[in-house]
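Take a look at the structure below.
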Amino acid sequence: MLSLWSGYVAFPRAAGWPAGDGKAMQIYTKKGNRIFFCNFAHRKEEMTQHETDTQYMRRCLQLAAQGLGRVRPNPLVGCVVVVRGADGKSRVVSEGYHQEHGHNHAERNALLRGADSPAGARSYEGATLYVNLEPCSHYGLTPPCANLIVEKSIVRVVCCNDDPNPLVAGRGFAKLEAAGIEVVRGVLEEEGRWLNRRFFTYMEQGRPYVILKWAESADGYMAPAAATGVAVGGQGKSYWLSTEDQNRLNHRWRTEEAAILVGSETYLRDRPALTARHYLGPQPQPVVLDRRGRLKDVPSGWLHLQTESVGETLKALYERKIQSVIVEGGRQILDAFLASGLYDEVRILRSPVRLGGGLAAPTPTDGRRVHIYTPIR
Ligand code: AOF
Ligand code: ZN
């Protein structure tokens, strides 16, 4: 009897017993005894609503991610519109995402999709709208999304992150609530902050999101001994640390950030092109940091900065609305960024090659920000 009883108690939560539908359920014990019990209908309602919200928010984040590299300095935003049918089941009736800077926001794309078709002209009355950022309330390059949501008779808006943009910052939610719309905030909040880490860093800290990146050998060197005079990773040079896959990944990263920065030493030695050539996508803004003012021939279109500290450099980029930057070297600049603490991610492309000596790679101490990429074999 005791084992039976403890089995019953353990089931619903720990073993993930299907949450109640209000109906009596029966299970058989090993000895063939039948036990009836009734599940907790109200618990299922709560669970299901939260699970449903989480599931649709995940879809918003997935949609949003497609704008990476194309919407900056705007955030990545996805939107899903859901209607509950007569059978009580919810269905997605429209989706959209912010695709290009200056173009429609996610909500507008979802709510006006096929606007000239009967479906597009729908009011979406009674629908729930999921969006991973607080709907905007301002007239920017596009009219306010909050107004359109009200016009379309949406009754519930589920959000992931509040918008830190001072033009919005709570006014979007206030508009919706004033129109009697139920607002749910903070669903998958951490995932949303990670997806939009560039936007949040730029808005909240007044500086671009900083990624420090370098390639190092399996034994921790960035370059062979100086005496060899060989630049690692340099264009047309005979020595190459990264594998082809790592190189392609590196070029993909270049398409994802607004700018790419090197120091004058790297510029003079490698004459890097700083373009994304091995991956399709937008090109980053090349930046060269020339603290000693020794460069005369910086190509047009490059940003030539003569700032002295990391803080000043980031301020100069922020003022030019550059939301994120990959710092690709050299060693001195990487060390300066590491020492300043003004960086968000370190990406190390670790090569299978061993150099046995040479220029040691930096040794970042904050492991939480370090990501190591080794080739797949
Ligand atoms: C939304 N949905 O999909 C996005 C929002 O210059 P604009 O008009 O494109 O406005 C940019 C600002 O709008 C941006 O900084 C952020 O606050 C918000 N982005 N809002 O409701 C969207 N991309
Ligand atoms: Zn908007």
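The values are calculated or read from the model by the stated rules, or taken from the named source; none is laboratory data. Values in this document were obtained by computation on a predicted structure and should not be read as measured data. Neighbour counts are summed over all protein chains in view; Cβ atoms, including those assigned to glycine, are modelled from backbone coordinates with ideal geometry.
Can you name the residue in the stretch 129-142 that is more than 8 Å from ligand 1 (Cβ to nearest atom) and not hydroxyl-bearing (S, T, Y) and is also surrounded by the most Cβ atoms within 10 Å (Cβ to Cβ) among such residues?
Going residue by residue through the stretch 129-142, those that are more than 8 Å from ligand 1 (Cβ to nearest atom) are 129-130, 132, 137.
Of the ones still in play, those that are also not hydroxyl-bearing (S, T, Y) are 129, 132.
Details: L129: 29, N132: 33.
In this case the residue turns out to be N132.
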Restricting the stretch 160-182 to residues that are within 10 Å of ligand 1 (Cβ to nearest atom) and buried (at least 21 other Cβ atoms within 10 Å of the Cβ), which is farthest from F200 (Cα to Cα)? G172
Just to be sure I understand, how many residues within the stretch 298-310 are over 19 Å from G330 (Cβ atoms) and outside any loop (DSSP other than H, G, I, E, B)? 0
Of L295, L274, which residue is of a type outside the set (S, T, N, Q), under 29 Å from the mean Cα position of the chain (by Cα) and either in a loop (DSSP other than H, G, I, E, B) or modelled with pLDDT under 95 (or both)? L274
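Being under 26 Å from G69 (Cα atoms), of a type outside the set (K, R) and not in a strand (DSSP E or B) narrows it down to one residue among G180, G172; which is it?
On the way: G180 fails: under 26 Å from G69 (Cα atoms).
The match here is G172.
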For S123: the one exception among (1) more than 12 Å from ligand 1 (Cβ to nearest atom); (2) modelled with pLDDT under 95; (3) crowded, with 16+ Cβ neighbours inside 10 Å: (3)
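So is G330 on the phi > 0 side of the Ramachandran plot and buried (at least 16 other Cβ atoms within 10 Å of the Cβ) or not?
On the way: on the phi > 0 side of the Ramachandran plot: no; buried (at least 16 other Cβ atoms within 10 Å of the Cβ): yes.
Criteria not met by G330.
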Could you list, in sequence order, the residues of the stretch 128-155 that are β-branched (V, I, T), in contact (Cβ under 8 Å) with a residue 60 or more places away in the chain and within 12 Å of ligand 2 (Cβ to nearest atom)? V131
Six or more apart or on different chains, Cβ atoms under 6 Å: show the pairs whose first residue is in the stretch 96-108 and within 10 Å of A64 (Cβ to Cβ) and whose second is aromatic (F, W, Y) and more than 7 Å from ligand 1 (Cβ to nearest atom). A106/Y97
Quickly run through the stretch 357-377 and pick out the residues that are surrounded by fewer than 19 Cβ atoms within 10 Å (Cβ to Cβ) and either among the hydrophobic types (A, V, I, L, M, F, W, C) or part of a helix (DSSP H, G or I) (or both). L359, A360, G367, R368, R369, V370, I372, I376
Q306 vs. criteria free of Cβ contacts under 8 Å to residues at least 40 places away in the same chain, surrounded by fewer than 20 Cβ atoms within 10 Å (Cβ to Cβ) and within 24 Å of the chain's Cα centre (by Cα): no
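Considering only residues that are surrounded by 14 or more Cβ atoms within 10 Å (Cβ to Cβ) and assigned to a loop (DSSP other than H, G, I, E, B), look in the stretch 341-356 and name the one that is farthest from the chain's Cα centre (by Cα).
Of the stretch 341-356, the ones surrounded by 14 or more Cβ atoms within 10 Å (Cβ to Cβ) are 342-351, 353, 355.
Remaining after also requiring assigned to a loop (DSSP other than H, G, I, E, B): 342-344, 351, 353, 355.
Details: L342: 19, Y343: 16, D344: 13, S351: 26, V353: 32, L355: 35 Å.
Applying the filter and picking the extreme gives L355.
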Going by the conditions given, is N165 within 16 Å of ligand 2 (Cβ to nearest atom), of a type in the set (S, T, N, Q), touching a residue at least 12 places away in the same chain (Cβ under 8 Å) and touching a Cys at 6+ places or on another chain (Cβ under 9 Å)? yes
Checked pairs for the stretch 316-331, first under 21 Å from M203 (Cβ atoms), second buried (at least 22 other Cβ atoms within 10 Å of the Cβ) and of a type in the set (G, A, S), C-beta under 7 Å and 6 or more apart or across chains, list as I322/A258; Q323/A258; S324/A258; V325/A258
For the stretch 72-111, what are the residues that are more than 12 Å from ligand 2 (Cβ to nearest atom), part of a loop (DSSP other than H, G, I, E, B) and either within 22 Å of F199 (Cα to Cα) or touching a strand residue (DSSP E or B) at 6+ places or on another chain (Cβ under 9 Å) (or both)? R72, P73, L76, G85, Q99, E100, H101, G102
Checking P272, P284 in turn, the sole residue that is under 22 Å from L249 (Cα atoms) and buried (at least 19 other Cβ atoms within 10 Å of the Cβ) turns out to be P284
